[in-house]
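Here's a structure for you.
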Amino acid sequence: MSELQLKDLYDGFRDPEVISGFAKLIEQEAKKLKKPINIMEVCGGHTHSIMKFGLPQLLPKNINFIHGPGCPVCIMPKERIDHAYALAEQEDVILLTLGDMIKVPGSRGSLQDARAKGADVRFLYSPLDALKIAEENPAKKIIFFAIGFETTTPMTTALIDIVLKRSIKNIFFHINHVTVPEVMVELIDSRDEHVDSYNNRIDAFLGPSHVSVITGSKIYEEFPRKYNRPVVVAGFEPVDVMEAILMIVKQFNEERCELEIEYKRLVTHDGNIKAQKLIEKYFEKASLFKWRGLGNVPKSGYRLKSEYSAIDAEKIYADILPKDEIEDHKLCICGDILRGMAKPQECTIFGTACKPSTPLGSCMVSSEGACAAYYKYGNLI
């Protein structure tokens, strides 16, 4: 038997003939639709795949993508970035975070700017890398600025678990993990109350794939039942997305409204129970969490439980952390883009003053941000 290669895991999901076949099936089904439908992909990974593989041009005109706020870097408000900046300025602190977070601009600049001014800011490939840094720097306070949706939350709790069990005294946490279902409700409610134009209505959702591996599909059950919006949990590959769209269109034609899983090779109804229990052990929902462009969304973010306040940097450094509300750049419409109320090319500074090398808005920073995806792959739509 030949050895399994990495490309074997995705080649079949990028097969042009299969994608073309799905496009034809979608076109046939779309002709039966009574009205156009808008499908929101909540996850930035889906946005990236949709743009990279030029999927919008394969779809009929009566099926439209609305890009959602599912980029954990993009939704981080300036207030919290300013928290990270202030922490990084402390002489005895090494600030750690993941990937693109160091490039997101706050009111005083980005963490990359803070590092250029002498702050010790480092990005990690894995939260567990913090253990080695703490061991090598026993006189320093190591603060992990934790970000991400349900996908990365278990990695933070795994680090917390090790820190407490090993009694490591110099690792602390600033928690910025957010959750998907609550913001989906916010996006529906804000449109149903205030949007008269059909163009911005959300008719169905593509459910995030990696989030759903952790949570299970059960977190979306309320949307078909309570909000009359079908949800299809889809993988990131273009064939996954196309099959999920076909499943959604069929639901409309068959007058069904259901939760379905396209990404069955990894997503189950119940998800990763062990990871969920670890999250429940250390975290609780904050009453409010501010999302960039969306404002305060109830119960949409985690915080450390009070019994772990000894490692909670947000409490330990409360006196030096900024508390003022901060507005985004006046010319940046990132907030509207994160809500799916505008497309990147509608922004007057898109691709000129604001581009990946000089981002003014958070949507241009991360590869999962809608603006970055449009800048890189916009010629495919």
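The values are calculated or read from the model by the stated rules, or taken from the named source; none is laboratory data. Bear in mind that the values here come from a model prediction, so they are computed numbers and not experimental data. Every residue, glycine as well, gets a Cβ built from its backbone with ideal geometry; the counts of neighbours run over all protein chains shown. Quick note on the areas: whole protein, heavy atoms, side chains included, nothing else; ligands and nucleic acids left out. Shrake-Rupley method; radii C 1.70, N 1.55, O 1.52, S 1.80 Å.
Filter region 360-381 down to the residues that are open to solvent by 60 Å² or more (accessible area, probe 1.4 Å) and either of a type in the set (Ser, Thr, Tyr) or touching a Gly at 6+ places or on another chain (Cβ under 8 Å) (or both), then identify the one that is modelled with the lowest pLDDT.
Once the filter is applied, the top-ranked residue is ILE381.
Do the conditions hold for ARG122, that is, is it touching a strand residue (DSSP E or B) at 6+ places or on another chain (Cβ under 9 Å), open to solvent by 70 Å² or more (accessible area, probe 1.4 Å) and basic (Lys, Arg)?
The answer is yes for ARG122.
Please enumerate the residues belonging to region 125-150 that are surrounded by fewer than 18 Cβ atoms within 10 Å (Cβ to Cβ) and either in contact with a His (Cβ under 7 Å, 6 or more places away or on another chain) or under 23 Å from PRO72 (Cα atoms) (or both).
Initial filter on region 125-150 (surrounded by fewer than 18 Cβ atoms within 10 Å (Cβ to Cβ)): 125-126, 128-129, 131-132, 135-140.
Listed by number, the residues that qualify are TYR125, SER126, LEU128, ASP129.
OK, next. Can you tell me which residue is farthest from CYS71 (Cα to Cα) among those in region 29-54 that are modelled with pLDDT of 95 or more and of a type in the set (A, V, I, L, M)?
The selected residue is LEU33.
Now, a different point. Considering only residues that are free of Cβ contacts under 8 Å to residues at least 24 places away in the same chain and more than 12 Å from ILE39 (Cβ to Cβ), look in region 242-259 and name the one that is least open to solvent (accessible area, probe 1.4 Å). Walk me through it before giving the result.
Step one: list which residues in region 242-259 are free of Cβ contacts under 8 Å to residues at least 24 places away in the same chain, which gives 247, 254-255.
If we keep only those that are more than 12 Å from ILE39 (Cβ to Cβ) too, we end up with 254-255.
Working: GLU254: 105, GLU255: 140 Å².
So the residue we want is GLU254.
Checking ILE102 against (1) in contact (Cβ under 8 Å) with a residue 60 or more places away in the chain; (2) in contact with a strand residue (DSSP E or B) (Cβ under 8 Å, 6 or more places away or on another chain), only one condition comes out false. Which one?
(1)
Just give me the residues in region 360-381 being closer than 16 Å to ILE333 by Cα and not in a loop (DSSP other than H, G, I, E, B), in sequence order.
SER362, CYS363, MET364, ALA370, CYS371, ALA372, ALA373, TYR374, TYR375
With respect to ALA114, determine if the residue is open to solvent by less than 30 Å² (accessible area, probe 1.4 Å), in a helix (DSSP H, G or I) and more than 18 Å from ARG303 (Cα to Cα). Reasoning before the result, please.
Details: open to solvent by less than 30 Å² (accessible area, probe 1.4 Å): yes; in a helix (DSSP H, G or I): yes; more than 18 Å from ARG303 (Cα to Cα): yes.
Yes.
So which residues in region 144-173 are farther than 12 Å from TYR282 by Cβ and either under 15 Å from the mean Cα position of the chain (by Cα) or of a type in the set (S, T, N, Q) (or both), if there are any at all?
ILE147, GLY148, PHE149, GLU150, THR151, THR152, SER167, ASN170
Please work out if PHE65 is of a type in the set (A, V, I, L, M, F, W, C), more than 16 Å from the chain's Cα centre (by Cα), part of a strand (DSSP E or B) and within 30 Å of SER167 (Cα to Cα).
no
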